[in-house]
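One structure is given here, and the rest of the page talks about it.
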Amino acid sequence: MQFIWPSLLWLLLFIPLLIGAYLLVLRRRKKAAVRYASLMLVRDAITPGQSIRRHLPPALFLMAMTAAIFAMARPTAVMLLPSEYMTLVLAMDVSRSMLATDVQPSRIAAAQAAATSFVKDLPRAVRLGIVSFAGTAFVVQTPTDNREELTAAIDRFSLQRGTATGSGLMLALATLFPDDGIDLEQAIYNNRWGGGRTNGPSSLDQTRKEKAEKKPFKPVAPGSFTSGGIILLTDGRRTTGPDPLEAAKMAADRGVRVYTVGFGTPGGGVIPGMEGWSFWATIDEKTLKQVAGITGGEYFAASTGADLSKIYETLSARFAMERKETEISGLLSALAALLLIAAGALSLAWNHRRGPELRPRAEAAA
């Protein structure tokens with residue numbers, strides 16, 4: 001728990017003073033009891049239950065004062081709350097390895113069916129963008145809450161050669177942050193990746209202009225971005241494009257969690273090739289786990305279409321709720337008010353009952 005106005009916590013020093021004042025009043029009342037002709041009257045009037053009742057209302061009052069002081073300091077806490085607005089990007093592998101039939105009827109067909117169900121079950125507060133990647137990456141659908149457009153985009157998947165996992169991840173990140181100036185050309189086409197040369201010359205003035213227009217970037221804590229995330233599904237290993245671990249670091253610097261899904265049977269599957277040739281494809285679980293670990297996300301393994309559907313259901317439920325740092329001074333204020341009401345009500349009820357009980361005995365003693 002943190003506080004927006006922590007300087008007000010010094011008011012807690014009044015609590016021990018109030019306790020001391022209460023004990024002082026009790027001591028004075030004890031001395032005044034000596035004036036009774038017989039202490040047996042007081043001993044008979046005060047039962048064990050009445051002794052607890054005597055101190056409970058003041059204790060509730062002190063608790064209410066403590067809660068009120070904490071509320072004045074405006075505490076904040078990370079709480080699980082319904083998502084108000086969130087943007088997700090689904091990066092889907094559409095390489096030819098998705099033709100493998102180790103998942104019936106095929107990997108791509110099962111993935112499309114599960115993704116379609118995922119779209120239908122998404123909370124209305126969540127927008128979804130779709131990126132497909134093979135030898136390069138493409139934005140199939142910009143983020144939208146239109147479920148029909150998303151379903152149509154999934155149906156438009158076209159399989160290609162190559163697996164540029166890093167390109168897919170970086171394009172998903174650029175789709176999530178369109179104003180961050182992420183160099184898509186560098187990431188997708190390898191023009192300047194790792195210090196390579198550009199396709200054409202650029203003037204000194206143009207270079208200076210690009211540097212001037214580039215916004216300064218300040219990294220944030222991994223997983224701190226609560227308004228969106230990336231789901232990366234692939235069934236193979238990277239064969240081209242940038243390193244997905246480098247792309248994962250870029251996502252982590254922006255606080256974006258990447259949830260990776262390895263799709264396919266553990267032993268891999270046979271992919272039909274050209275002219276009767278075929279090849280074997282296996283999941284690069286090590287890299288996918290590293291990507292999820294770097295960004296604070298989670299890795300999932302799916303070997304069947306049903307497994308993939310369950311993963312999507314889990315993610316859909318997770319995105320319906322999000323952890324937010326929220327001010328909870330209102331809750332503490334309400335708690336303080338309830339404690340004050342309880343203290344006052346108990347004090348009135350018990351004192352009202354005790355008065356008539358003592359009066360007949362006092363009159364009889366007189």
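Numerical summary
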| item | result |
| --- | --- |
| Charge sum, other residues only, whose C-beta stays under 14 Å from Ala113's C-beta, Lys/Arg counted +1 and Asp/Glu -1 | -1 |
| Area accessible to solvent at Met72, 1.4 Å probe radius, in Å² | 90 |
| In Å², nearest 10: area of Glu298 left accessible to a 1.4 Å probe | 70 |
| Spacing of the two label points (7 Å from each Cα toward its C-beta) at Gln104 and Tyr85, in nm | 4.6 |
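The values are calculated or read from the model by the stated rules, or taken from the named source; none is laboratory data. None of these values were measured; they are calculated from a predicted model. Every residue, glycine as well, gets a Cβ built from its backbone with ideal geometry; the counts of neighbours run over all protein chains shown. Just so you know, the surface numbers come from the protein's heavy atoms only, side chains and all, with ligands and any DNA or RNA stripped out. Shrake-Rupley method; radii C 1.70, N 1.55, O 1.52, S 1.80 Å.
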